[in-house]
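A short write-up of the structure that comes next.
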Amino acid sequence: MTPSWHSLGAEDVIQLLETNVTQGLTGKEVEQRKKTYGPNTLGEEKPVSSLFLFLSQFKNPLILVLLFAGSVTLLLSKYTDSVVILGAMLVNAFIGYLQEQKATKALSELKKAVKYNALVIRDGTEQELAQEHLVPGDIILLQEGARVPADARILESWELKINEAVLTGEWLASSKQTEPVAEQTPVADRDTMAYMGSVVEEGAGKAVVVATASNTEVGKIGKLLRVTAKEETPYHQKLKRLSSFIGVVVTLAASLIFLAGVATGKDLVDMFTIAVAIAVAAITEGLPAAMTIVLAIGMQRILAQKGLVRHLASAETLGSTSVIATDKTLTLTEGRMEVEEIVPS
């Protein structure tokens, strides 16, 4: 069971983690703990293969209707119709694939670019290391402007203030101190703790790492997000309804024509061919490609405004948004200050 680090005294935390305030961990201890805890990085989803990304473009309900129509025309030796229908499907899938592949690569490059270093005491000396190399028990130094590399218990504080908006949503920096707080204290009020991803706004301090990677508070939130069930976007819901409507109407119309022809003594094979031809003609094979192109243009316009949309359908979801739920302050902020006016003295 994980101890309530915020409610323990600094000396107790040091003893439990078997570390030293002034010397930090030794190289040997670090290597042993790396094997136990792994790298200090938040777990990420496995990258989607290019083949899977391409095939996922065919999950569109309207594409399935076209696939059925194309298969039927192929069986009836209507090769021209088959080529047109299947060609439209491939164009739609190719456009969607290119856009999502581009967004995925851009997101991957952004993640590689965003790397942070931490000032750590090991073997009695100060060292600057990438945050992924930290382990529980490491003694870290917090300085103004630095990002907290892992969850840590404050050991020393010199007017230390940390902005924890990334975790709590509170824009006002939290003053940190060393005296333990009650065990039931909520995360936002644990003044003895510094959390991964938060930023030091003022002062300086010394802390001991108590949790890394997915065991941090931010990591726990990431776990919850990965297991959350994915809901269909408004785009997919509307497309499913449209596909169902087209499928039902076309099937009924083709069936009525087929039955009426047979009832009047027409040849069975001829009537079946006519019914299928009418059904295929009624399906708008250009619609999926047109919708994909519109969404792709939307993605490009969002990108021009410095926004990155990973999935094509999400561009439509943003357009359907009418209500945004914010935190209790009813504001959305970028976490930075700007000069509004310069007044000469």
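The values are calculated or read from the model by the stated rules, or taken from the named source; none is laboratory data. Please read these numbers as outputs of a predicted model, since none were measured by experiment. Neighbour counts run over all protein chains shown; Cβ positions are idealised from the backbone, glycine included. Quick note on the areas: whole protein, heavy atoms, side chains included, nothing else; ligands and nucleic acids left out. Shrake-Rupley method; radii C 1.70, N 1.55, O 1.52, S 1.80 Å.
Across the cross-link table entries Lys105/Lys306; Lys34/Lys105; Lys59/Lys238; Lys161/Lys223; Lys102/Lys240, which are compared at the Cα atoms, the separations over 18 Å belong to Lys34/Lys105; Lys161/Lys223; Lys102/Lys240.
In a simple Cβ point-charge model (Lys, Arg +1; Asp, Glu -1; nothing else charged), the chain has a dipole of about 1680 debye relative to its Cα centre. Computed as a quarter of the hull surface, the mean projected area of the alpha carbon convex hull for the chain stands at 26.3 nm².
Counting only complete DSSP H runs, which helices of the chain cover 20 Å or more along their long axis at the Cα atoms and score a mean Kyte-Doolittle of 1.6 or above? Span-like helices in the chain: 61-75, 268-282. In angstrom, the C-alpha Rg and Dmax of the stretch 51-206 are 27.2, 82. Protein heavy-atom surface of the chain, 1.4 angstrom probe: 61% of the accessible area is carbon and sulfur, with nucleic acids and ligands not counted. Taking all protein chains together and a 1.4 Å probe, the residues Glu156, Glu340, Glu164 rank Glu340, Glu156, Glu164 from largest to smallest accessible area. Note on Glu11 and Thr273: the model spin-label points, each 7 Å out from Cα along the C-beta direction, lie 9.7 nm apart.
With the convex hull drawn around the C-alpha atoms of the stretch 4-108, the volume per residue stands at 187 Å³. About its Cα centre, the dipole of the stretch 111-163 is roughly 360 debye, where the only charges are +1 on Lys and Arg Cβ and -1 on Asp and Glu Cβ.
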